[in-house]
Amino acid sequence: MAGNACSKYNMRSDGARVIARKLIKHGVKIIFEFPGGSICPILDELSRHKNIRTVVTRHEQAAIHAADAYARVTGLPGVCMATSGPGASNLVTGIANAYMDSVPLIVITGQVAVWDLKKSRPVRQRGFQELDIVSVVGSITKAAFRVRSLTDLAGVLDKAFFIACEGRPGPVLVDVPINVQYTMAGYKETDLALREKKPACSGSALNEIAERFLRSRRPLVLSGGGVVLSSAEDELLKILKANSLAVVQTLMGINGVPSDYELNLGLIGYAGSRAGELAVKSADFILGLGLRFDNRAFPAAKKEFAGNAYIVHVDCDRAELNHRVAADKAVLSDVRLFLRDFNSALKGRRLRIDEDWLEQVREWKSEVHNAALARSPELTPRFILGGLSSLLAAQNRCAVITTDVGQHQLWTAQYFRFDRDRILVTSGGLGTMGFGLPAAIGAKFGRPKAEAINITSDGSFQMNIQELATIKDNRLPVKIILLNNKCLGLVRQIQEFAFCARYESTRMNSGVDFVKIASGYGIKAFSCKKSGDVLPLLKKLIASKESMLVDFRINEFENVYPVRVKGKTVYAKRPA
Ligand SMILES: Cc1ncc(C[n+]2csc(CCOP(=O)(O)OP(=O)(O)O)c2C)c(N)n1
Ligand SMILES: [Mg+2]
């Protein structure tokens, strides 16, 4: 290293110091990032702070997905960072992913110096690697700031943390031109005091809902991601148990109610349980908590789907109320606050549930459950995922299960038994292939004592496969279950049902050897071609202190059942 060439940079720049101190003030312990020239001052400053860890991934998309999963498992905002231009544009999918799934993220991007910005000039760029990332992410962030001077920096960062976490959480981007990072203008600590006021339901509305609820005979709860985001799980379970309420969950709500709650009817939606849909159809009162009534969960207008029910919709995002489904009562409220007050409004009064209906609901549920148990050991997703779930539960192991997107994601939601100790981290709203592996990395950093297991398939796995290097570098015992069907299964299944089995672009017979690839990255890997090897390999996977991959060679034509058929009512599910 040439002494002279380096001496200039031995001085600490105030802009970078402000950023590091603000991150520390907001309790940040870890930043997922990929380097570049325009974030060098921040990286250099961070190298002097031993209480903040920087994890370098192999792609910016992986850095943001890791930060996203870290936020989901810790409840703290995730932080990621990338350089200007292509570094920033590589974050876009991850920003959209976090926005759709309400994940609080602080996204820091480097930018060209203020004097190199094109501003309103009609040119494509002025500075090298200049990209107007603030405009690009306008529709997928809660806020996006470009910091123009050191004076603004501290306040913008305080605001960013506040906005990311308040109300319905989401990503906030802070774009920091390199000259602001370098500025030496005398650092002064300033803090903005911002306090959140969570929305809550009025007393009169609560009483009205409580009266209506007490008069219902076939009440049902639809539980969404907002239950988890507002930490309302305990409050909800108390009300469910006290009133013997049946509950159906959206994909984002799957961690909200334990699978073993007797009247948990499982997932609603595209690959949801028949029991859940029949219960929705026949309910006379639906309490929708922290959900969007989106088209995957609730495909038809209210009349066709839940025509008989009085619908109460509780959400902290005003824009979601009466958006897809007109509720009979729309309530702008934090879900936990609502449930706490709703429980008091009931004043210990009991419902008079239609016992025959409840019996019917139990029967619907047991049909599905028995059908699931009836299968003999085969090399099927049901056997593999059911086996994994039972083994982890039997050993009392905490686990974070991450998935990618496709059939394997839906099988995981159907067959794995989630509860407070074993949770799902998945890409719900955007449905991002390539999310699962970096998400498992973020989850492992967030909950080091829990197993981090990525359930994936051959298509998605290859979208961020380079992150095996991050796993190896950090000696992370992340486990990978590859349900390898040699195809883009979910799309292939659509083609089978709707396009006369013309499998354009979806069969992947390249014969990739995933065991060799993983070994190339220094990760232990095994392939499984016989049903008899499934349980021994799963046991080995769970017991391993290091990262490990098992390539399960499942049948290419395995389908997700039951599944909703396009254009039909919700009952036209396959198999009939
Ligand atoms: C980034 C991205 N591109 C395309 C899609 C569309 N898509 C949804 S599922 C799927 C197939 C996924 O294949 P694989 O990961 O092998 O999972 P499998 O369905 O086989 O379990 C595709 C292409 C997507 N969701 N995300
Ligand atoms: Mg596949």
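Tabulated data for the structure shown
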{"read-out": "Every residue from the stretch 437-447 that is more than 16 Å from V405 (Cβ to Cβ) and either within 16 Å of ligand 2 (Cβ to nearest atom) or among the hydrophobic types (A, V, I, L, M, F, W, C) (or both)", "value": "I441, A443, F445"}
{"read-out": "Yes/no for E45 being out of contact with any Ser or Thr (no Cβ under 6 Å at 6 or more places or on another chain), assigned to a loop (DSSP other than H, G, I, E, B), surrounded by fewer than 24 Cβ atoms within 10 Å (Cβ to Cβ) and among the acidic types (D, E)", "value": "no"}
{"read-out": "Failed item in (1) within 15 Å of the chain's Cα centre (by Cα); (2) within 16 Å of ligand 1 (Cβ to nearest atom), with Q407 passing the rest", "value": "(1)"}
{"read-out": "So G429, is it within 16 Å of ligand 1 (Cβ to nearest atom), outside the structural domain of V56 (by TED's automatic domain parsing) and not aliphatic (A, V, I, L, M)", "value": "yes"}
{"read-out": "Residue count for the stretch 485-495, restricted to those that are under 26 Å from S547 (Cβ atoms) and more than 8 Å from ligand 1 (Cβ to nearest atom)", "value": "1"}
{"read-out": "Top-ranked residue in the stretch 410-422 [being surrounded by fewer than 21 Cβ atoms within 10 Å (Cβ to Cβ) and in contact (Cβ under 8 Å) with a residue 60 or more places away in the chain; ranked as nearest to ligand 1 (Cβ to nearest atom)]", "value": "R417"}
{"read-out": "Helices (runs of 4 or more DSSP H) wholly inside the stretch 448-514 containing at least 1 residues that are touching a helix residue (DSSP H, G or I) at 6+ places or on another chain (Cβ under 8 Å) and within 16 Å of ligand 2 (Cβ to nearest atom)", "value": "458-461, 489-498"}
{"read-out": "The lone exception for L437 - which of (1) more than 16 Å from the chain's Cα centre (by Cα); (2) within 16 Å of ligand 1 (Cβ to nearest atom); (3) aliphatic (A, V, I, L, M); (4) closer than 19 Å to G522 by Cβ it fails", "value": "(1)"}
{"read-out": "Wholly enclosed strands (runs of 3 or more DSSP E) of the stretch 51-130 bearing at least 3 residues surrounded by fewer than 24 Cβ atoms within 10 Å (Cβ to Cβ) and not assigned by TED's automatic domain parsing to the domain that holds D317", "value": "53-56"}
{"read-out": "Qualifying residue in the stretch 504-522 (condition: in contact (Cβ under 8 Å) with a residue 24 or more places away in the chain, closer than 26 Å to C398 by Cβ, within 15 Å of ligand 1 (Cβ to nearest atom) and not small (G, A, S))", "value": "no"}
{"read-out": "Strands (runs of 3 or more DSSP E) lying entirely in the stretch 325-436 (those with 1 or more residues that are within 16 Å of ligand 2 (Cβ to nearest atom) and within 28 Å of Y270 (Cβ to Cβ))", "value": "399-403"}
{"read-out": "Whichever residue in the stretch 478-502 is charged (D, E, K, R) and over 23 Å from the mean Cα position of the chain (by Cα) and, among such residues, is surrounded by the fewest Cβ atoms within 10 Å (Cβ to Cβ)", "value": "R502"}
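The values are calculated or read from the model by the stated rules, or taken from the named source; none is laboratory data. Note that the coordinates shown come from a computational prediction; the quantities given were computed from them, not determined experimentally. Using ideal geometry, Cβ is built from the backbone for each residue, glycine included, and neighbour counts are taken over all protein chains shown.
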